[in-house]
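To start, I am sharing the structure in question, which I have written as structure tokens.
Any read-out appearing in this document is the output of simple, stated calculations on the displayed coordinates, not a laboratory observation. What you are looking at is a predicted structure, and each value in this text was computed from that prediction instead of being measured. We place every Cβ from the backbone using ideal geometry, glycine too, and count neighbours over all the protein chains shown.
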Amino acid sequence: MEKLLDELLPILDVEHNMILSRQGDVTIVFKAQMPEIFTLSEQQYDAFHQSWVKAIKVLPCGVVLHKQDWFLREEFMATPGSSASFLTRSSDSFFQGRPFLSHECYVMLTKSADERKSSSSLTSNLFRRSIVPSQTLSKALLDDFLDSAGQFKRILEDSGFASLTQLEDHQLLSQQRRAGLIEKYAFLLANCQESMLGDISFERGIQVADKLCSLYTLADADQLPGFCSASSTYERYSTDRTKFSVGFASLLGQLLACNHIYNQYVFTSPSEKTLKKLESKRLRLQSLSIYARENSLALDATNDFLNEAIREQRLPVKAHFNVLAWTQDHGSVKELKSMVSSALAQLDTSAKLETSGAPQIFWAGIPGNAADFPINDTFDTFAEQAACFFNLEGPYRSSPGSFGIRLGDRLTGKPVLVDISDEPVRTGICTNRNKFILGPSGSGKSFFTNHMVRSYFESGAHIVLVDVGHSYKGLCDMLSGYYFTYQENNPIRFNPFYIAKGDVLDTEKKESIKTLLLALWKKDDETFKRSEYVALSVALTQYYDYLASRDIFPCFDSFYEFLQTQYTNVLKKDQVKEKDFDMSNFLYVLRPYFRGGEFDYLLNAKQNIDLLSERLIVFELDNIKDHPILFPIVTIIIMEVFISKMRKLTGIRKVILIEEAWVRRDAA
């Protein structure tokens, strides 16, 4: 028999950001952002679990907590950009169309009048010709419910693991080109799909439009595992020494790689009323225990339940959990059932494929209709045990904004933008942006660092990189950066005396040149006198004044000639004695760096000299790391370059990266 959906839909209206059912039930819907999978420790899972238990306990009697987690298979679609680099376009092309599992979590709180009778599989509003409200919710009860919902939200958010946002009218109801939450569930629409109507058939299971659905339930205590907790050990990433924790119910969530909805229900009721019913059941079982061993076992279980409720002050609730999975491919129905059954088996539960009761359970899953859930498909438990079956995590999420590096989701390989610099500081995880990349040989340190450098470069950062091993030659060439390395036929060249156009000789520049000259002149165990320091300072000042009125290229050669021809007269005029500044000794010691000397190439470069404005500079030190002269000079120049960038480039991200750091262990 066919009926129009308008005749059966249990939702009357959406007003004041709440769903009103035809039987007078009121529902508040929150969209929750859960922690990313594989990011919580065992202690954090326990803390998050306790937050759910506390939140459940603040709900008044007669409230249904319906947590609905959507997991939909989607394909990665790159955002086109005309300014994207070759590497970015290649990355987008490689990942284009990669399947992954998206996640949306909705937490719904439904309150009905206290006098409303519980529904069952036989009295579901799916079978009624018309739905007439039997009771209405008084204003006092509504105000109390809204206050409890606010406390519920605050408890979960104060845990620091989740954030809840209440959905508004336009998000619950469908718009002209967008399906609302109610219609999204009724027709199992994907996030990006527009509003689309279809047939819902319950003749052979559940079929929604072209989607073939299977419904698996955990509705009986006998189906549950013998032990449950907030987390479990994920064997794939665990070792003999390290236990890797994951949410207890994650096998029915992010780890179940198919289109599915994981519904979690908790029904609150007066504790005294529930315990009274169980006490009556205990007495009946006691009188029948002599006739069957099953009655005796049930008596023991009921006794244990009552004792724990009184001794531990537990909150007794009714609970139900189900997985609604679907596929559009008729040939993959068996594979889908096998996948869900395997996940339930790994959870150590008995997989029950619902058939006769599936339509009522599916219908009760409509947002706002949780109060009509068949109570005969629930089981008695405590809030602590019920919360163990909540899905506590979602997929990896991209960081807000456009800054970060692209990493791969370890489950699906989908690219995720991760900000490892600003977001950790903003969220209080750390207080600085320093990074330390540690790993054995061949573990991919340089591969990751190449990717990070490229990502930072494309975001506008200035990068100074110290390398040993030529790991960044290809990247530097592709990004048109400066690459300094030493070869016999092409030795390393610098020009610390060069000042870019528009720049001036500031204190930082002068101090770095003086440090370099003193390092070339004096040995490590030699000290310099104050008079020598002052003489070099005056020489540099007058040298740049001398260049200002002449067409002379600034380099060490021209500075050396200036000392020979011009500054000698200045020293004589100022009556500087040889013991205060030995000019002859200074020129003799630095003669190898002057034109025609052994190292005349080192400080007289005429190419790649504007290091301040260059965004990528790589210093490759493999051939000079043990050189007693070149290595100290290059080290000083590296320091001068980065300090200059730090001082002068305001508002620009600067990165200095030391590629190799070896730990030496001396023999005992």
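I need to check one value: relative contact order of segment 563-668, counting alpha carbon pairs closer than 8 Å and at least 6 residues apart, in percent.
Working: 25 pairs, mean separation 12.8, N = 106.
Worked out over segment 563-668, it gives 12 percent.
Let me have the 222 nm mean residue ellipticity of the chain computed from DSSP H runs of 4+ only, each contributing -39500 (n - 2.57), with the sum over all residues rounded to the nearest 500.
Details: 20 runs with 222 residues, N = 668.
Roughly -10000 deg cm²/dmol at 222 nm, from the helical runs in the chain.
Hey, can you rank 652-659, 428-435, 632-639 by average C-beta count inside 10 Å, highest first?
Those peptides, ordered most packed to least, come out 632-639, 652-659, 428-435.
For segment 313-353, what mean projected area does the convex hull of the alpha carbons give, in nm²? Intermediate values should be presented prior to the final figure.
Working: hull surface 16.1 nm².
Across all orientations, segment 313-353 yields a mean hull projection of 4.0 nm².
Quick check: net charge around F30, other residues with Cβ under 12 Å of its Cβ, Lys/Arg +1 and Asp/Glu -1? Spell out each step's value before the answer.
Values: positive: K31, K67, K153, R154; negative: E104, E157, E168.
Cβ neighbours under 12 Å give a net charge of +1.
Applying a 10 Å radius around every beta-carbon, put 377-388, 438-449, 304-315, 203-214 in order of their mean neighbour count, most first.
Result, highest mean first: 377-388, 203-214, 304-315, 438-449.
Which value results for Rg/Rh of segment 356-470 when Rg is the Cα radius of gyration and Rh the Kirkwood radius based on the inverse mean 1/r? Before the final figure, lay out each step's value.
On the way: Rg = 23.6 Å, Rh = 19.3 Å.
Reported Rg/Rh (Cα atoms, Kirkwood Rh): 1.22.
Separate question: Along the Cα→Cβ direction, 7 angstrom out, place labels at D524 and T239. What is the inter-label distance in nm?
Modelled inter-label distance: 3.7 nm.
With a point put 7 Å past each Cα toward its Cβ, work out how far R493 is from I310 in nm, to one decimal.
Output for this residue pair reads 9.4 nm.
If the cut-off is 24 Å between C-alpha atoms, which lysines fall inside it for K111, apart from same-chain ones fewer than 8 positions away?
Correct list for K111: K31, K54, K57, K67, K139, K153, K184, K273, K276, K277, K318.
Find the Cα radius of gyration of segment 463-617, compare it with 2.2 N^0.38 Å by division, and give the number to two decimals.
That ratio works out to 1.15.
Identify all lysines with a Cα-Cα distance to K337 below 16 Å; exclude those on the same chain that are fewer than 8 residues away in sequence.
K211, K352
What are the residues whose amide H is under 5 Å from the amide H of V655, where those residues sit 5 or more places off or on another chain and H is modelled from the backbone?
Distant-sequence amide H within range of V655: H462, I463, V464.
For percent of Cα pairs over 41 Å apart, the choices are [x] 32; [y] 49; [z] 38; which was calculated from the structure?
[y]
Need one number: % antiparallel among DSSP beta bridges in the chain, to the nearest 5. Write out the running numbers ahead of the final one.
Details: 71 of 85 bridges.
Just about 85 percent of them are antiparallel.
In whole Hz, with x marking every Gly and Pro, tabulate ³J(HN,Hα) for segment 116-123 from phi via Karplus 6.51 cos²θ - 1.76 cosθ + 1.60, θ = phi - 60°.
3J(HN,Hα) across segment 116-123, in whole Hz: 5, 6, 5, 8, 9, 4, 8, 10.
Sorted by packing (mean other beta-carbon atoms within 10 Å per residue), highest first, where do 137-150, 254-267, 464-477 land?
Averaged packing, sorted descending, gives the order 254-267, 464-477, 137-150.
Hey, another quick one. For the charge dipole of the chain, defined by +1 on Lys and Arg C-beta atoms and -1 on Asp and Glu C-beta atoms about the Cα centroid, which residue among Q313, T427, S41 has the Cα displaced farthest towards the positive pole?
Result: T427.
Once the other residues with Cβ under 15 Å from the Cβ of L101 are scored (Lys, Arg +1; Asp, Glu -1), what is the net sum? Before the final figure, lay out the partial values.
Working: positive: R73, R98, R397, R410, K414; negative: E36, D69, E74, E75, E104, E393, D409.
Residues near L101 contribute -2 overall.
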